[in-house]
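Structure first, commentary second.
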Amino acid sequence: MIHFTNVSKQYGEQILYQGASFQVRPGDKIGLVGPNGAGKSTVFRIIMNEEGLDGGNVTFSDKLVIGYFSQEVAEMKGRSALEEVKAGVGRVSELARKIEECERKLQGLDGELNDDQMMQIVEKYGEYQMEFEARDGYTLDSRSKEILTGLGIGPEDYDRPVEAFSGGWKMRIELAKILALKPDVLLMDEPTNHLDLETIIWLEEWLQKFKGALVMTSHDREFMNRVVTRIIEVANKTITNYSGNYDFYLKEREIRKEQLLSSAKKQQDMLAKEEEFIARFAARASHAAQVQSRVKKLDKIERIEIPAEDRVMSFEFPDPPRSGTEVVKFNDLSKVYHKENGAEKSVFKNLRGQVQRLEKIAVVGVNGAGKSTLLKIMAGALDPTQGTCTVGASVKTGYFSQSALDVLDPKKTIFDEICDRIPHATLGYVRNLLGAFLFSGDDVYKKIGILSGGEKSRVVLATILASPVNFLILDEPTNHLDIKSREMLLESIQKFEGTVVIVSHDRHFLKGIATRVFEVDHGELLTYEGNFDYYMSKSGRGH
């Protein structure tokens, strides 16, 4: 279907890949992995002809229908959500318009036709209908509605104008357009961003049933494991194929790395012996031929290169001061937001619950259920409309919010931002702290304003780590972090000797942390006295 052959690509002096090859075959479910900046998104842009090549070629049939979901949402206006999805289905949408045009002419709505004109239109009408049926055009309406509902935009919102949706919801409409297209190949760059757990599970099941080929990137390990059957790694200036899901890839990569290290050691031992012989007998005329032969042999040997290890975050939270047994208790907690038009929106009411010392609680629920609102009230960043939220004795809170990246000063350097947060720390401590979050050398003098989302997240996490806290409130801390950085954060939170309340849609992350689960559902709080697997099983979401 798609042949990516001996492709080379570089930006300036940065080489992304040289002589890289892979194929996308019918029905393939491929996970595209590799460190940030290695060139995963560039692979998509090359296939879509948005980027050129420095060498090699990419070939596929002109008739191949490719659907590409990126993180950029095209401008949407002038249509309802449902109309926008249907209008994005390319050829099917065009055929529907032509069929409607033919019907108007055949009904005489555009003026009288002579017999020859009538026959021509009847022929065209038949051709359009055949192609429309072959492309599943007659199911477009029901298909579009099913997909929109699955992505959390229900019947009550089908006719809402697209301009009325926020950025995150527009992203879902964009995703619905790509899925409704029913392409031969689906290219998806981080499709789970901005989706809640319910929607991720729906998308996962949809992709498992999808009959076309899929190539996707995702920082969600669980999602990747459940969907893909092949991994293509973009790293170390090349592209490497692995069969199996993400967990298989991790094991297989370790095996290949050990084999490479073993081969490299053998080669080094052999080279050392040959070089020792050459140095020993280079000056002896009696051994000149042998020395020359060995020099030529060494020149022809291709040296085995050991790739540099990908850097990942490596840190541990300092031992926190001990808090009281009861960390947070809330009674009859209610929150109502007042809209600009004077209307009220009740988020939740009469919530009751408590968080005990050393508990690690996952807060779950659909988008808009009030998870972030509950965390803000716990952190003291928002007042409840009714009820009380009491923080216990000796509790020191560290709060990572979804808007945490906005509190950073874009004009400051990373170094200054951290120094200002912990003015009494030594320069050595600040340097070590930033090094743990992958900021070293001159990187620490980068301005906040030019950082990527992942880099800003690491800065905020560093500011939380900078002062010892015993209660972590984390609202989507894994957003913008790649899989390896998520693993390191997971490890650190597992070792953290304090209390944690966390919102995340990353199931692998929650499975590794949660000892209890709070579900905010239709304005009420449901408590599950067990880990995340227990919650998935009891709530009927495990599969």
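For the reader, a short list of remarks on this structure follows.
- Of the criteria (1) surrounded by 19 or more Cβ atoms within 10 Å (Cβ to Cβ); (2) free of Cβ contacts under 8 Å to residues at least 40 places away in the same chain, which one residue 99 fails: (1)
- Test: residue in the stretch 437-451 that is closer than 30 Å to residue 325 by Cβ, among the basic types (Lys, Arg) and assigned by TED's automatic domain parsing to the domain that holds residue 491: no
- Within the stretch 393-437, being in a loop (DSSP other than H, G, I, E, B), closer than 18 Å to residue 451 by Cβ and not small (Gly, Ala, Ser) holds for 402, 408, 409, 410, 411, 412, 437.
- Test: residue 323 is in a loop (DSSP other than H, G, I, E, B), among the polar types (S, T, N, Q) and modelled with pLDDT under 90: no
- Considering the conditions (1) surrounded by fewer than 17 Cβ atoms within 10 Å (Cβ to Cβ); (2) in contact with a strand residue (DSSP E or B) (Cβ under 9 Å, 6 or more places away or on another chain); (3) not in a loop (DSSP other than H, G, I, E, B), residue 71 is excluded by exactly one of them, (3).
- Any hit, the stretch 355-373, residues being in a helix (DSSP H, G or I) and either of a type in the set (A, V, I, L, M, F, W, C) or touching a residue at least 40 places away in the same chain (Cβ under 8 Å) (or both): yes
- Contact map, the stretch 127-146: residues that are over 14 Å from residue 88 (Cα atoms) paired with residues that are in a loop (DSSP other than H, G, I, E, B) and not aromatic (Phe, Trp, Tyr), Cβ distance under 7 Å, separation 6+ or inter-chain. Pairs shown: 136/182.
- Those residues of the stretch 509-538 which are in contact with a Leu (Cβ under 8 Å, 6 or more places away or on another chain) and not hydrophobic (A, V, I, L, M, F, W, C), in sequence order: 512, 519, 524
- Options 421, 458: the member that is basic (Lys, Arg) and buried (at least 22 other Cβ atoms within 10 Å of the Cβ): 458
- If you filter the stretch 438-448 down to residues that are in contact with a Phe, Trp or Tyr (Cβ under 9 Å, 6 or more places away or on another chain) and assigned to a loop (DSSP other than H, G, I, E, B), you find that the one that is farthest from residue 486 (Cα to Cα) is 446.
- Residues that are part of a loop (DSSP other than H, G, I, E, B) and of a type outside the set (A, V, I, L, M) within the stretch 1-26 comprise 12, 13, 25, 26, listed in sequence order.
- Selection from the stretch 27-49 of residues that are touching a strand residue (DSSP E or B) at 6+ places or on another chain (Cβ under 9 Å) and either farther than 16 Å from residue 239 by Cβ or assigned to a loop (DSSP other than H, G, I, E, B) (or both): 27, 28, 29, 34, 35, 37, 38, 39, 48, 49
- Residues that are touching a residue at least 24 places away in the same chain (Cβ under 8 Å), among the aromatic types (Phe, Trp, Tyr) and out of contact with any Leu (no Cβ under 8 Å at 6 or more places or on another chain) within the stretch 426-448 comprise 439, 445, listed in sequence order.
- Any hit, the stretch 74-96, residues being part of a loop (DSSP other than H, G, I, E, B), within 20 Å of the chain's Cα centre (by Cα) and on the phi < 0 side of the Ramachandran plot: yes
- Of all residues in the stretch 15-45 being without any contact (Cβ under 8 Å) to a residue 40 or more places away in the chain and closer than 23 Å to residue 480 by Cα, the one that is nearest to the chain's Cα centre (by Cα): 37
- The stretch 484-511: number of residues that are of a type in the set (A, V, I, L, M, F, W, C) and part of a loop (DSSP other than H, G, I, E, B): 1
- One residue from 496, 471, 439 being more than 23 Å from residue 217 (Cβ to Cβ) and touching a Ser or Thr at 6+ places or on another chain (Cβ under 6 Å): 471
- The set of residues in the stretch 494-543 that are crowded, with 19+ Cβ neighbours inside 10 Å and of a type in the set (A, V, I, L, M) comprises 500, 501, 502, 503, 510, 513, 514, 517, 520, 525, 536.
- Residue, surrounded by the fewest Cβ atoms within 10 Å (Cβ to Cβ), within the stretch 147-179, restricted to residues that are free of Cβ contacts under 8 Å to residues at least 40 places away in the same chain and part of a loop (DSSP other than H, G, I, E, B): 166
- Filter result for residue 255 (in contact (Cβ under 8 Å) with a residue 40 or more places away in the chain, closer than 30 Å to residue 487 by Cβ and either exposed (fewer than 12 other Cβ atoms within 10 Å of the Cβ) or touching a Ser or Thr at 6+ places or on another chain (Cβ under 8 Å) (or both)): no
- Contact annotation: residue pairs with Cβ atoms under 9 Å, 6 or more positions apart or on different chains, pairing a residue in the stretch 449-475 that is in a loop (DSSP other than H, G, I, E, B) with a partner that is modelled with pLDDT under 85 and among the polar types (S, T, N, Q), are 452/36.
- Boolean, residue 47 is surrounded by 14 or more Cβ atoms within 10 Å (Cβ to Cβ), modelled with pLDDT of 90 or more and in contact with a Leu (Cβ under 6 Å, 6 or more places away or on another chain): no
The values are calculated or read from the model by the stated rules, or taken from the named source; none is laboratory data. Treat the numbers as computed from the prediction; the structure is a model and nothing was measured. Positions of Cβ are backbone-derived with ideal geometry, glycine not excepted, and every protein chain shown enters the neighbour counts.
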